[in-house]
Every structure is written in C-alpha cells, then in structure tokens.
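What follows draws every value from the coordinates through simple rules; no lab data is involved. Nothing here was measured: the structure is a model prediction, and the numbers come from that model. Note: ideal-geometry Cβ built from the backbone for every residue, glycine included; neighbour counts use all protein chains shown.
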Amino acid sequence: MLKDLEAGYCIDSARIFVAGFSWGGDFAIALACTRGDEIRAVAANSTDDEFKDTSNYLTYQNLPCPTRRHPPVRFQHAEEGDASYPPPDFATTSKLFQYLNSCTAQATPARSGGRPDSCVSYSGCSSDYIECSFDRKIGHALPPHWAEDTWAFFTEHSK
C-alpha cells in the first residue's frame with residue numbers, strides 16, 4: 001500500500017504515521033510489529049489486538065515481530081475497560097507495547113497533547129511509550145481531543 005501511495009503522491013518516507021481505533025488499532029499494532037522500520041510513530045486507541053490468551057502478551061499472534069525497530073507508541077483506552085473490551089485486555093496490550101519497546105522502568109505521570117490527562121510514560125524504552133486512559137462513561141468511542149493529542153504526539157516525533 002505504501003509503495004502504491006509513494007508512486008502517486010509526494011510522500012516523505014521518513015514521516016509515516018499510523019493511527020487506529022478498535023480494529024483499526026489492531027491493524028496499527030500489526031503494522032508496528034511487521035513494518036516498524038518504516039513507521040515513525042503509532043497511536044492506537046481502545047484496542048486489544050489478537051492474543052491467543054488475552055492475559056498473556058507473549059501470545060500475540062505476530063510474535064516474533066520481524067521488524068528491527070519498534071516505533072514510539074501512544075496507547076489510549078478507557079480507564080477500566082469498555083463495553084467491547086474488559087480491563088485485563090487493555091493491560092495485556094500495554095504489556096505488549098512495553099515488551100516491543102524494551103521498556104525496563106516503571107511508569108511515571110506524563111503530559112500528552114499539552115493537557116494533564118491520566119497519562120503515564122514508561123522510561124528505559126528503546127522508543128517512547130505513553131499510555132493514557134479516559135473515563136469509561138463515553139463507552140467504546142474516541143475520547144475528546146483524541147485527534148489533537150494524536151497530532152501533538154506525531155508532531156513531537158516528526159523530527
């Protein structure tokens with residue numbers, strides 16, 4: 001798909017970003033795993049991807065990832081799960097991102113998108129990993145300001 005787009009449009013191949021919600025987030029995770037060398041950063045929202053055992057991130061269907069580099073990730077989800085995904089599923093996805101980006105330290109509070117949200121940043125990672133949560137009352141939906149926060153994350157990683 002990327003080669004087709006590059007053939008017809010002027011694309012800066014050093015600035016390829018991927019974002020997705022729900023199943024689109026599953027696709028974004030799969031691209032990060034299989035095409036991470038070509039992607040600058042990823043934003044995934046309310047996704048739990050494909051695990052054989054949703055309590056074990058090592059059962060992710062695309063492991064081992066063939067990419068040599070895993071891009072920075074901003075993962076956002078409902079605080080305590082939502083109607084489509086229970087809380088343990090988001091925890092497993094978070095563990096997968098920590099694993100892919102080789103995070104070794106605990107999470108610390110972070111700002112994301114210029115607003116103080118309930119975001120944490122993991123340190124000791126090969127690439128940035130930020131995880132944000134929002135009030136589950138909105139259901140399985142994009143939270144307010146998701147587009148702006150995602151754009152801010154991508155802008156931060158466009159250099």
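Take L31, L96, L5, L63 and order them by how many other Cβ atoms sit within 10 Å, fewest up front.
Sorted ascending by nearby Cβ count, the order is L5, L63, L31, L96.
So what is the calculated 222 nm ellipticity per residue for the chain, using -39500 (n - 2.57) for each DSSP H run with n of 4 or more, over all residues, to the nearest 500 deg cm²/dmol?
On the way: 4 runs with 45 residues, N = 159.
Taking each H run of at least 4 residues, the total per residue is -8500 deg cm²/dmol.
Pick from A32, A110, A78 the residue whose mean-square fluctuation is largest in a GNM of the chain, springs joining Cα atoms under 10 Å.
Looking only at A32, A110, A78, the largest GNM fluctuation is found for A110.
So what J values fall out for the stretch 119-125 if you push phi through Karplus, 6.51 cos²θ - 1.76 cosθ + 1.60 with θ = phi - 60°, rounded to Hz, Gly and Pro as x?
These are the phi-based 3J(HN,Hα) values: 10, 10, 10, 9, 9, x, 9 Hz.
For a quick check, take a GNM of the chain with Cα springs below 10 Å and name the residue from D49, D149, D128 with the largest mean-square fluctuation.
D149
Using a cut-off of under 19 Å, list every residue of the stretch 134-159 whose amide N is near the label point 7 Å from the Cα of L2 along the Cα-to-beta-carbon line.
Backbone N within reach: 154-159.
Under 15 Å Cα to Cα from K3, which aspartates and glutamates show up? Leave out anything in the same chain fewer than 8 places away.
D12, D37, E38
Let's see if you can work this out: charge +1 on each Lys and Arg Cβ, -1 on each Asp and Glu Cβ, no other charges. What is the dipole magnitude of the stretch 1-42 about its Cα centre, in debye to the nearest 20? Show your work: numbers first, answer last.
Working: 4 positive and 6 negative charges, 15 e Å.
The calculated dipole for the stretch 1-42 is roughly 80 debye.
Which whole-Hz ³J(HN,Hα) couplings does the stretch 61-67 yield from phi under the Karplus relation 6.51 cos²θ - 1.76 cosθ + 1.60, θ = phi - 60°, glycine and proline marked x?
Working through the residues one at a time gives 4, 9, 6, x, 5, x, 6 Hz.
Where a Cα-Cα gap under 16 Å defines reach, which lysines qualify for K137, not counting those fewer than 8 residues away within the same chain?
Answer for K137, where 16 Å is the Cα cut-off: none of the lysines qualify.
So what are the ³J(HN,Hα) numbers for the stretch 36-47, from phi and the Karplus equation (6.51, -1.76, 1.60; θ = phi - 60°), rounded to whole Hz, Gly and Pro as x?
x, 5, 9, 10, 7, 6, 10, 10, 10, 10, 6, 9
Between exposed GluC sites (Glu not before Pro) in the chain, where DSSP calls loop and at most 14 other Cβ atoms lie within 10 Å, what's the longest gap?
On the way: sites that count: E50, E80.
By the stated rule (loop sites, at most 14 other Cβ atoms within 10 Å), 81-159.
By counting other Cβ atoms within 10 Å of each Cβ, how are T67, T104 ranked from fewest to most?
Working: T67 18, T104 11.
If I rank by nearby Cβ atoms, fewest first, I get T104, T67.
Along the charge dipole of the chain, Cβ charges K/R +1 and D/E -1, which of G24, Y122, P86 sits furthest on the positive end?
Positive-end residue among those listed: Y122.
What list do you get for I11, I16, I39 if you sort them by fewest beta carbons within 10 Å? Display every interim value, and only then the final one.
Working: I11 12, I16 17, I39 22.
Sorted ascending by nearby Cβ count, the order is I11, I16, I39.
Collect residues whose amide H, placed 1.01 Å from N in the peptide plane, falls under 5 Å from the amide H of A19; neighbours closer than 5 in sequence don't count.
Long-range HN contacts for A19: A43.
For the chain, modelled as a Gaussian network with Cα springs under 10 Å, which listed residue fluctuates most, N62, N45, N101?
In this elastic network of the chain, the residue with the biggest mean-square fluctuation among N62, N45, N101 is N62.
Using the crude model of +1 on Lys and Arg Cβ and -1 on Asp and Glu Cβ, and no other charge, please compute the dipole size for the chain relative to its Cα centre, in debye to 20.
On the way: 14 positive and 21 negative charges, 85 e Å.
Dipole about the Cα centre, nearest 20: 400 debye.
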